Amino acid sequence: SVPQVAIVGRPNVGKSSLFNWIARRRLAIVDNFEGVTRDRMTTMIEFEERFFELIDTGGMGIEDPDDLTADVQRQIEMAINCADVILLVVDVQTGLMPLDELVAERLRGVERPVILVANKADQDHQDIHADEFHRMGRGHLQTVSTTQNRNREDLLRLIVERL
Ligand code: GDP
Ligand code: MG
């Protein structure tokens, strides 16, 4: 069957934006509010004749916006259960947050390729701010900007190399 690629990360880092940007279609709901209830979204992606199913797990079944740990835990469980490759999304503009470290911590024992996607690097000079994420100690780091359309092909190449 088709390899599965799951997007995980704390609320508001741009997981749904990343999903839509990779898909080049507005499928997942992007919002400015944290912890809105949404269903899991999936879509088929083709890149250079390779196929994978992309999954946006964010906000999955979250009932209590204050209980972000439970939300993150659900994402991780889903990723562990079905993902062949995990996209761990962080935000270069806010920098490393405790919840990012929690996600990285939960993924530590997961033996699947992880790509650390440093989103919101809207301008070249913001790439340098991604360096601090190296201490999450997990996966290849790729800066992107979904709003400025930066590094989409680089990210897709990294994904298909790991399928
Ligand atoms: P999610 O909660 O992780 O799914 O995040 P969303 O995709 O809903 O996005 C949260 C916010 O970040 C929205 O206001 C997006 O417009 C914004 N956002 C997403 N990607 C980028 C980006 O590359 N640059 C900037 N500046 N903002 C972004
Ligand atoms: Mg989302």
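Derivation of every value follows stated rules applied to the coordinates shown; laboratory data play no part. These numbers were taken from a predicted model, which means no experiment stands behind them. Using ideal geometry, Cβ is built from the backbone for each residue, glycine included, and neighbour counts are taken over all protein chains shown.
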Inset, instruction - Rank-order 69-76, 11-18, 154-161, 93-100 by packing density, defined as the average count of other C-beta atoms within 10 Å over each peptide's residues, highest first. - result: 11-18, 69-76, 154-161, 93-100
Legend entry - Size of electric dipole in region 54-163: Cβ of Lys, Arg +1 and of Asp, Glu -1, about Cα centre, debye, nearest 20: 420 debye
Legend entry - Hull volume in cubic angstrom per residue (convex hull over the Cα atoms of the chain): 102 Å³
Inset, instruction - Work through the residues other than ARG135 whose Cβ is under 11 Å from its Cβ and net out their charges, Lys, Arg +1 and Asp, Glu -1. - result: -3
Inset, instruction - Positive end of the charge dipole of the chain (Lys, Arg +1 and Asp, Glu -1 on Cβ, about the Cα centre): tell me which of GLY109, PRO3, VAL13 has its Cα farthest that way. - result: PRO3
Inset, instruction - Using 0.36 nm per residue of separation minus the Cα-Cα distance, give me the extension gain between LEU102 and GLU48 in nm, one decimal. - result: 16.0 nm
Legend entry - Antiparallel bridge percentage (DSSP; both residues within region 4-162; nearest 5): 30 percent
Legend entry - Backbone N under 18 Å from the GLN93 label point (7 Å along Cα→Cβ), restricted to region 145-163: 145-152
Inset, instruction - Provide the net charge surrounding LEU88, with neighbours chosen by a C-beta distance below 12 Å and charges set as Lys +1, Arg +1, Asp -1, Glu -1. - result: +2
Inset, instruction - Let me know the shape class of region 70-163, please: from the alpha-carbon gyration tensor, a ≥ b ≥ c as square roots of the eigenvalues, rounded when a/c is under 1.5, otherwise prolate if a/b is greater than b/c, or oblate. - result: oblate
